[in-house]
1. Within the range 244-254, can one find any residue that is in contact with a strand residue (DSSP E or B) (Cβ under 6 Å, 6 or more places away or on another chain) and either under 22 Å from Met109 (Cβ atoms) or of a type in the set (Val, Ile, Thr) (or both)?
2. For residues that are of a type in the set (S, T, N, Q) and surrounded by 14 or more Cβ atoms within 10 Å (Cβ to Cβ), tally how many sit in the range 168-183.
3. I need the full set of residues from the range 72-90 which are of a type in the set (S, T, N, Q) and either touching a strand residue (DSSP E or B) at 6+ places or on another chain (Cβ under 9 Å) or under 17 Å from Ser42 (Cα atoms) (or both), in order please.
4. Which one of Val110, Val85 is surrounded by fewer than 24 Cβ atoms within 10 Å (Cβ to Cβ), closer than 21 Å to Asp257 by Cβ and under 17 Å from the mean Cα position of the chain (by Cα)?
5. Name the residues in the range 203-229 that are touching a Phe, Trp or Tyr at 6+ places or on another chain (Cβ under 7 Å) and in a helix (DSSP H, G or I), would you?
6. Would you pick out the residues in the range 62-82 that are in contact with a Phe, Trp or Tyr (Cβ under 7 Å, 6 or more places away or on another chain) and surrounded by 15 or more Cβ atoms within 10 Å (Cβ to Cβ)?
7. Looking only at the range 120-170, which residues are of a type in the set (Lys, Arg) and touching a Gly at 6+ places or on another chain (Cβ under 9 Å)?
Amino acid sequence: MTLSDVSLYHWNPKRKRYKNRFLNRLPVYCRPNNFGDVLSVSITHRVLERHGCADVLRVTGDPDKTNKSLLTVGSILHFAKNGDVIWGSGRNGKIADKKHAFDRLDIRMVRGPLTRQFLMDRGLEVPEVFGDPGILLRDLFPEYVALTENKSHRVTIIPNLNDTISRDHAATVQDPRASLRRVIARIAGSELVISSSLHGVVIAESLGVPVRVLRSSVEPTFKYSDYFLGTGREEYPLHDSIADALKGAEPEKPVYDAGRMLAAFPYDLFPNETAKKRP
C-alpha cells in the first residue's frame, strides 16, 4: 500500500527549546505537543484504520507548502493553502483576515457556522456540515469511554496552552502538553472538568463528563462560540474565574450527528478500495 499524496497537518511547530538569550543560540528544538492539536492525528488515524488504510497517512507538524494537506482538528484554517482539504477545522478569531492566503479549498466540514460564514464571505463553497472531529472520541475510541467508569479526581482544570493558572490550584491542573492518552484519561476519570482549552471542553462533552468553560486570558471567544453553535447551542455559560466555575453551570448537552460527520470525511483522498466505504 502506498502513502497518500495528502499529508495531515496539525499545529505542532518546531521551536527553540530555550528562551534564555544565551541558551537560545543552541540548536536544540522541541515541539509544544499540545493535546488538542495532536488529537487530530489519533482521530484521523482511527477513522482510516476502520476503513482499512491507516498506514497510508502522512503526518506533519509543519505546514506543507508543496503537497496537498488535510486540516482537521483545531483553529488552523489560516495555515491552509489553495487546494487543501478541510474536515472540521475552524478559524482562529485572533488571526487577521489577510493571513488567510487562499481562494480555493476543498471543504467537507467546518467546526461551526461562524467559520462557515467567514469562508462564504470570501466566496468559497462550504457545506452546512458542522463539528469538531474531537467530539467523535466517544464513537471512535470505546477504550476511552470505559475509563469514565472509574472516577479518581473530583475536579480537573485544563488550561489553554498559553493560559497561566494560579499555583493555588496546582494539584488539580492537567498540563495540556502531557501525552494525549494521559490527558484523556484524566478527563475521563474526573467528576468535573473546568477548562479554558477548547478541546478540554470538547473531549469532556464527548465522554459525558460534566464540564464548565473557563474564560481564557489569551484566546478570544470566537472558536468557543463557533464550536457551541456547531453543536446546537446559541449560548453557553462562560466563567471568569475558577471560583466562579466551581459554583457555576455546565452548558447544555451537545447535539451532533456522528454519522454525518464521518460520512463527510475525505475517504476519496486515500488509495485503498476499502476506504471508499461509508459508515
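1. no
2. So the first thing to find is which residues in the range 168-183 are of a type in the set (S, T, N, Q), and the list is 172, 174, 179.
Cutting the leftovers down to surrounded by 14 or more Cβ atoms within 10 Å (Cβ to Cβ) gives us 172, 174.
The total comes to 2.
3. Across the range 72-90, the qualifying residues are Thr72, Ser75, Ser89.
4. Being surrounded by fewer than 24 Cβ atoms within 10 Å (Cβ to Cβ), closer than 21 Å to Asp257 by Cβ and under 17 Å from the mean Cα position of the chain (by Cα) holds for just one of Val110, Val85, which is Val85.
5. Let us first name the residues in the range 203-229 that are touching a Phe, Trp or Tyr at 6+ places or on another chain (Cβ under 7 Å), namely 207, 213, 228.
Those that are touching a Phe, Trp or Tyr at 6+ places or on another chain (Cβ under 7 Å) and in a helix (DSSP H, G or I): Leu207, Phe228.
6. Pro63, Asp64, Ser69, Leu70, Leu71, Thr72, Gly74, Ile76, Phe79, Ala80, Lys81
7. The answer is Arg138, Lys151.
Listed here are the residues, each with its yes/no results for (1) under 19 Å from Gly134 (Cα atoms); (2) surrounded by 23 or more Cβ atoms within 10 Å (Cβ to Cβ).
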{"site": "Ile165", "(1), (2)": "no, no"}
{"site": "Ser196", "(1), (2)": "yes, yes"}
{"site": "Ile203", "(1), (2)": "yes, yes"}
{"site": "Val211", "(1), (2)": "yes, yes"}
{"site": "Thr221", "(1), (2)": "yes, no"}
{"site": "Tyr227", "(1), (2)": "yes, yes"}
{"site": "Glu235", "(1), (2)": "no, no"}
{"site": "Ser241", "(1), (2)": "no, no"}
{"site": "Ala263", "(1), (2)": "yes, no"}
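The values are calculated or read from the model by the stated rules, or taken from the named source; none is laboratory data. Everything quoted here is computed from the prediction, not taken from an experiment. Note: ideal-geometry Cβ built from the backbone for every residue, glycine included; neighbour counts use all protein chains shown.
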